[in-house]
Amino acid sequence: MGLWSQEDIWFSRFGTLLATAERFVNHSPRGYFADELAHALHVEVQDALHQLIQQRRVTREMVSGLYLYTAIDRAIQRGQLLTRRTVQAVPTVADASVLEVSQEELKASILLFYSLLNEQQRRLYAGLESLKLGGGGDRQLSDFLGLAPHTVARGRQQLLAQDVEVDRARRTGGGRKPWAKPPHRHTPKTVALHTVEKKRRK
């Protein structure tokens, strides 16, 4: 990405911090929140972003209560906002642009994690993410996870009321049977290696 470091000092092929921040914002597929850009550049960027806004070298839009710094080119800016709002709708605290994974990989990871949860945990997870998304969260989680909206709402209500079964998440006998490791058996190759080793010790 045009950055390298020597011990704790970071350098940029784009020269100054202003030029580097401008480059990152204008070429990002999702734009940057200030803390994300600071993480990417390994330095505080609030003053630099303020100067870039004043000089009209980047733009900013309010997204989820925070300023998202976006490209000066209107077409790129619209794409950044659309992509960002799509990612924001995915129930996760992580940001794909920081993790350097695609949106599809992020969705697949969330769905894999979700598939490993039991019934109560799925409902509570959906309720938690709905709370984070705010208005319309039940419907978004319903569409994303394939749950009924009232199930998402129930999970949200359970969390708020702290009405959760901690000791028994499943009915007795429910769930997958525990997997038992089969007894170890020597393959012919393993036996042969052991035999050679014994002969060498002699």
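Things worth noting here:
- Take the Cα of residue 82, step 7 Å toward its Cβ, do the same at residue 43, and the gap between the two points is 3.4 nm.
- ³J(HN,Hα), Karplus 6.51/-1.76/1.60, whole Hz, each residue of the range 59-74, x for Gly, Pro: 10, 8, 9, 7, 9, 6, x, 10, 6, 9, 8, 10, 5, 6, 6, 5
- Of the residues 132, 107, the one with the largest accessible area comes first in the ranking 132, 107, computed with a 1.4 Å probe on protein heavy atoms.
- With DNA, RNA and ligands ignored, accessible area of residue 122 (1.4 Å probe; Å², nearest 10): 80
- Once all protein chains are placed together, residue 17 keeps about 70 Å² accessible to a 1.4 angstrom probe.
- At the residue level, residue 113 shows approximately 100 square angstrom of accessible surface with a 1.4 angstrom probe and all protein chains present.
- Rounded if a/c under 1.5, otherwise prolate or oblate - the range 108-148, Cα gyration tensor axes: prolate
- Listed values for the range 105-110 are Karplus-derived 3J(HN,Hα) couplings in whole Hz (6.51 cos²θ - 1.76 cosθ + 1.60, θ = phi - 60°), namely 5, 5, 4, 4, 5, 5, and x replaces Gly and Pro.
- Distance from the Cα centroid of the range 101-157 to that of the range 1-31 is 35 Å (rounded to whole angstrom).
- Less than 5 angstrom separates the built amide H of residue 68 from those of 61, 62, 63, all sequence-distant by 5 or more or on a different chain.
- 3J(HN,Hα) from dihedral phi, the range 147-157, Karplus parametrisation 6.51/-1.76/1.60, rounded to Hz, x for glycine, proline: 9, 6, x, 5, 5, 4, 4, 5, x, 4, 5
The values are calculated or read from the model by the stated rules, or taken from the named source; none is laboratory data. What you are looking at is a predicted structure, and each value in this text was computed from that prediction instead of being measured. All Cβ positions, glycine included, derive from the backbone under ideal geometry; neighbour counts span all protein chains shown. For accessibility, only protein heavy atoms count, side chains too; no ligands or nucleic acids. Shrake-Rupley method; radii C 1.70, N 1.55, O 1.52, S 1.80 Å.
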